[in-house]
Every structure is written in C-alpha cells, then in structure tokens.
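Data first, discussion second: the structure below is written as structure tokens.
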Amino acid sequence: MTTTSGDPHQEQLFLQRLNEVMQRIAHHGDLHAVEPLMAMTGQHPADSTLAQLAESFAHMVVKLEAREFELECRIEDLDQTRRELEQANLDPLTNLPNRMIARDRLRQAIADARTRKAAFTVFFLDLDRFKKVNDTLGHAAGDELLVSVTQRLSGCLQAGDTLARLGGDEFLCVLPQCAEPAAAQAIADAMVATLNQPFPLAAGQADIGTSVGIAHFPDHGQTVDELIAFADAGLYEAKHRGRNVWAYSPKTAPLHTGA
C-alpha cells in the first residue's frame, strides 16, 4: 500500500472522522455508518493509505451487515420452529400444553425461582366422577366436558400460569408467581368450587368435582419429578379424604385440608 503525502492537518481531521464513524459502529451498532465511510474514500487519492483504510472499514461493515441479517434470519427460523414444536405439543381437544410442555414450563419455573430465590406452587388434579360421565352420557359428552373444565380452570388462573392436560382427566398447573401457601389454597378452593357446579352438556347435565394435590417449591421438591410426585401424593390424599377437596401429601407436616 502506497502513501500519498498531503496536508497533515487534513489527514488528522480525516482520521478523527474515521474514528468517529468506527466508534458509532463499535459502541452503538450503527451499521448504516457505511455510507459516510464510502464517501470518505473519495476525499483522498484512491492509492492513498487513508482512502484505502476507509474503504477497508467500509467493506468490513458491509460484511457485518450481511452477518447480522443472516443471524436475524436464523433467529426468526428458530422462533418459528419453536412455535411449531409447541403447537405440535398442544392437546388437540383442549388446546392446552401436553405433558412434555408442562414439564418444560415447570423446569423453567424452577430455574427462574432459583435465580430469584423465590417460591412457587404446583397443582396436580384430576376430575371426580369423570368415568361416570363417559359411561352414562358417552365419550362425546366426556370430550365436551373436558373443554368446559379447561375454560373454568383457566378462569381461576392469572397471566403467566400454565394449565396443562397430562392425559385423560389429569391436569397440572404451574403457578410461578404464587409463593404463599394461603394464596395457593385460595386458588385451589376456587377450582374445587367452580368444578363442583353442574355442567350443562348437549347430552345432559354432568355433575363432577375435582381433587387437587398441592406442592410448593422449594419446600416440597427441588426438581420437576420431585414436585410432581409430591403434588400427586397430595392428590391421592385428597381422594382418600372423600374427593372434591385439595390436600398436601401426608409425607409433610399436617396442614389444613380444603373442605
């Protein structure tokens, strides 16, 4: 590379401007700065060191723009793939997350709670007398009932909570913002109450209920499997106590059980 002599003062100003442009790129991500770079290449003879320096920087920025565009496309493709995978893992009847997504949401809640050093709540529930509906009113009525149950349960939750259908008449709820047992018990009470109301179906009225097992992170488990197992044990305790209630696993200290 050859150097053409010039006015030292002008060359100093040129270098200052070049530095300003590169600072815009380095610190503010302003990749549109390629235009002033290209303009600067014409201010000195084409074979001068300064012109070639400006042109080299301009080419570098163009490549950075291309890489940024490629990265944005890949991120968009990954987001689309994630959305498609989530859609594929939705229960086709209720449109709720299935078991795989439920476990993933619970895993995310654990990671977030550990970061925030916070607690949260998990419910495991199933429907009381659901088999009777299938046997007396038919499976179509059972499907209609599950859709209505989903709507009622969703009405008891808030934004950010996850209601998932694990299969059959089993559901899992992850409540990331519900840290206090009293608040969790109030939500469980609301779920029990709303599902204890009659369901008018096309084939006739269905009268069911729900049993709910409750687990709190971190007191009742530190992992996905531990929390689900503890809440599941609470569910069976609720069944043992007569159904249509919520309960904790008998493995923990005695707690008030929902009426």
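Quick notes on this structure:
- Considering residues of the range 191-217 that are hydrophobic (A, V, I, L, M, F, W, C) and assigned to a helix (DSSP H, G or I) only, the residue surrounded by the most Cβ atoms within 10 Å (Cβ to Cβ): MET191
- The single condition among (1) touching a residue at least 24 places away in the same chain (Cβ under 8 Å); (2) under 24 Å from the mean Cα position of the chain (by Cα) that ILE208 does not meet is (2).
- Looking only at the range 117-142, residues that are part of a helix (DSSP H, G or I) and surrounded by 15 or more Cβ atoms within 10 Å (Cβ to Cβ) come to 6 in all.
- From LEU163, LEU153, residue being at pLDDT 95 or above, assigned to a helix (DSSP H, G or I) and either among the polar types (S, T, N, Q) or under 28 Å from GLU226 (Cα atoms) (or both): LEU153
The values are calculated or read from the model by the stated rules, or taken from the named source; none is laboratory data. If you're wondering where the values come from, they're calculated on a predicted model, not measured in any experiment. As a convention, Cβ positions derive from the backbone with ideal geometry for all residues, glycine included, and neighbour counts pool all protein chains shown.
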